[in-house]
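First up is the structure itself, then whatever we jot down about it.
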Amino acid sequence: MARASRVVVVGGGVMGVSVAFHLAEAGVRDVVVVERGALGRGSSGKPVGGVRAQFSDPVNIALGARSLRAFRDFAARPGGDIRLETVGYLFLLDRPEDVDAFEESVRVQERMGVRGRIVGPREAHELCPYVRPEGLLAAAYSPDDGHARPGAVVAGYARAAAAAGVSFVTGTTVTGMDVTGGRVTAVRTDRGVITCDAVVCAAGAWSAGVGALAGVELPVRPLRRQIAFTAPLVPPPPRIPFTIDFSSTAYFHTSGQGLLFGLADPEQEEGFDTTWTEEWVELFRSVMRRRAPALADLDVVGGWAGLYEVTPDRNALVGRAGDVPNFLYATGFSGHGFLQAPAVGEVVRDLYLERQPCVDVASLSAERFRVGAGGRPEAHVV
């Protein structure tokens, strides 16, 4: 493989295909997506992904809200059924400081046109009958959030991008980059060289290594997260919000005729291991015994492990490298990549075309981690 392109997108997950689609839709020709495996088989491979605008940082709220609109319109643009379920998000709160933080976040969201409210323990139980109200102080609820199918989103963007002329090179590993005069001039792979005018790094948990090939520091670390599935329930589960016990990070929502469980293991070490193990399920069960007892002993029939792409402040890296200006990046979403992918695809398109982005993401530049710069806080991290 030896070819020339305008833009090389490194990474064929939901972020990479969204970027490619939006570039092609804007008339950018000769876009190539390089993916070391198959499209959407990395962190985007999970069967159900949450979508929400319920954040504390105004930038994340804006990206989430814009993406929610795109998900609602996905059947028309770019096309495809993504199994969007607008069931809402319900954050369960049992610490006074969390109630205070979420009350402030709801005020910020309201000012930005995002619907949400703080509810009491009894209403939290009414919204999600599995929840035991005892021990709760309050909950934060937004009815417009929900969940969709990441694999269907990847497929929809990829089909439309391919129809617009994007080339997808799968089973191909990026091995190097040629940097001449402070600009990337070629991307080297194990199947040949692609000369280019620009590069977009959308490589998720592998982004630090990709950035290093161009001399760009991207502080992204891989962290395993696991989920599990129950057998089909009889009767089937009721229609419930995507429910999160905030202090423990345990969450659950419907998946087909059963439930999907998840929880962030506080003892999980960083690394690229994606082995699924049953041991962590007991952590989830222990939380459910006090928060949703009916779920504590349900049979688990399988699971999945993937990688979060984590940054020091749990906020994304989106921007253009200062020292290598034709190297753009969209990574480090710390669990929020799927739900922000439509809006970030538009943002990267705008950055490449050197026009004002649809959402101002200047605060998400990787430059914020240089000496003397602070991080950007986000309270609603799971």
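The values are calculated or read from the model by the stated rules, or taken from the named source; none is laboratory data. Because the structure is predicted, anything quoted here is derived from the model rather than measured. Here the Cβ positions follow ideal geometry from the backbone for every residue, glycine too, while neighbour counts run over all protein chains shown. Keep in mind that these areas ignore ligands, DNA and RNA; they rest on the heavy atoms of the full protein, side chains included. Shrake-Rupley method; radii C 1.70, N 1.55, O 1.52, S 1.80 Å.
Per-residue answers, yes or no, for (1) among the aliphatic types (A, V, I, L, M); (2) within 19 Å of Val344 (Cα to Cα); (3) not in a helix (DSSP H, G or I):
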{"position": "Leu136", "(1), (2), (3)": "yes, no, yes"}
{"position": "Ala139", "(1), (2), (3)": "yes, no, yes"}
{"position": "Ala158", "(1), (2), (3)": "yes, yes, no"}
{"position": "Gly165", "(1), (2), (3)": "no, no, yes"}
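Can you find, within segment 152-163, the residue that is surrounded by the most Cβ atoms within 10 Å (Cβ to Cβ) among those that are more than 28 Å from Leu127 (Cβ to Cβ) and in contact (Cβ under 8 Å) with a residue 40 or more places away in the chain?
Applying the first criterion (more than 28 Å from Leu127 (Cβ to Cβ)) to segment 152-163 yields 154-163.
Filter once more, keeping what is in contact (Cβ under 8 Å) with a residue 40 or more places away in the chain: 154-161.
Working: Val154: 27, Ala155: 19, Gly156: 22, Tyr157: 30, Ala158: 24, Arg159: 15, Ala160: 20, Ala161: 27.
So, considering only residues that are more than 28 Å from Leu127 (Cβ to Cβ) and in contact (Cβ under 8 Å) with a residue 40 or more places away in the chain, the one surrounded by the most Cβ atoms within 10 Å (Cβ to Cβ) is Tyr157.
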Inset, instruction - Report, ordered by the first and then the second residue, all pairs with beta carbons closer than 9 Å, sequence separation of six or more or different chains, a first member in segment 341-369 that is more than 13 Å from Asn60 (Cα to Cα) and of a type in the set (S, T, N, Q), and a second member that is open to solvent by less than 40 Å² (accessible area, probe 1.4 Å) and assigned to a helix (DSSP H, G or I). - result: Gln356/Asp350
Inset, instruction - Taking only segment 211-234 into account, find how many residues are free of Cβ contacts under 8 Å to residues at least 40 places away in the same chain and in a loop (DSSP other than H, G, I, E, B). - result: 2
Inset, instruction - Filter segment 174-195 down to residues that are touching an Asp or Glu at 6+ places or on another chain (Cβ under 8 Å) and free of Cβ contacts under 8 Å to residues at least 12 places away in the same chain and give me whichever is most open to solvent (accessible area, probe 1.4 Å). - result: Thr185
Inset, instruction - Write out, first by first residue and then by second, each pair whose Cβ atoms fall under 6 Å of each other, whose residues are 6+ apart or on separate chains, and whose first residue, in segment 271-295, is farther than 18 Å from His253 by Cα while the second is among the basic types (Lys, Arg). - result: Asp273/Arg224
Inset, instruction - Could you tell me whether Gly171 is at positive phi, open to solvent by less than 30 Å² (accessible area, probe 1.4 Å) and either modelled with pLDDT of 95 or more or over 27 Å from the mean Cα position of the chain (by Cα) (or both)? - result: no
Inset, instruction - Just give me the residues in segment 254-280 being more than 30 Å from Gly209 (Cα to Cα) and open to solvent by less than 40 Å² (accessible area, probe 1.4 Å), in sequence order. - result: Thr254, Ser255, Gly258, Leu259, Leu260, Phe261
Inset, instruction - May I ask you to list pairs of residues, at least six apart or on different chains, whose Cβ atoms are under 9 Å apart, with the first in segment 97-121 being open to solvent by 30 Å² or more (accessible area, probe 1.4 Å) and the second being aromatic (Phe, Trp, Tyr)? - result: Arg117/Tyr141; Ile118/Phe102; Ile118/Tyr141
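Output the residues belonging to segment 76-85 that are in a loop (DSSP other than H, G, I, E, B), open to solvent by 60 Å² or more (accessible area, probe 1.4 Å) and in contact with a Gly (Cβ under 9 Å, 6 or more places away or on another chain). Give the steps one after another, and end with the answer.
The first filter runs over segment 76-85 and keeps only residues in a loop (DSSP other than H, G, I, E, B), leaving 80-84.
From what is left, the residues that are open to solvent by 60 Å² or more (accessible area, probe 1.4 Å) are 81, 83.
Hit for segment 76-85 is Asp81, nothing else.
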Inset, instruction - For Ser247, work out the one condition from (1) in contact with a Cys (Cβ under 7 Å, 6 or more places away or on another chain); (2) among the polar types (S, T, N, Q); (3) open to solvent by 10 Å² or more (accessible area, probe 1.4 Å) it doesn't fulfil. - result: (1)
Inset, instruction - Test Gly50 against the stated conditions and say whether it is open to solvent by less than 20 Å² (accessible area, probe 1.4 Å) and under 18 Å from the mean Cα position of the chain (by Cα). - result: yes
Inset, instruction - Residue by residue through segment 53-75, note down the ones that are open to solvent by less than 10 Å² (accessible area, probe 1.4 Å), more than 14 Å from the chain's Cα centre (by Cα) and polar (S, T, N, Q). - result: none
Legend entry - Close pairs from segment 16-41: first of a type in the set (Asp, Glu), partner modelled with pLDDT under 95 and crowded, with 17+ Cβ neighbours inside 10 Å, Cβ under 7 Å, at least 6 apart: Asp30/Ser5
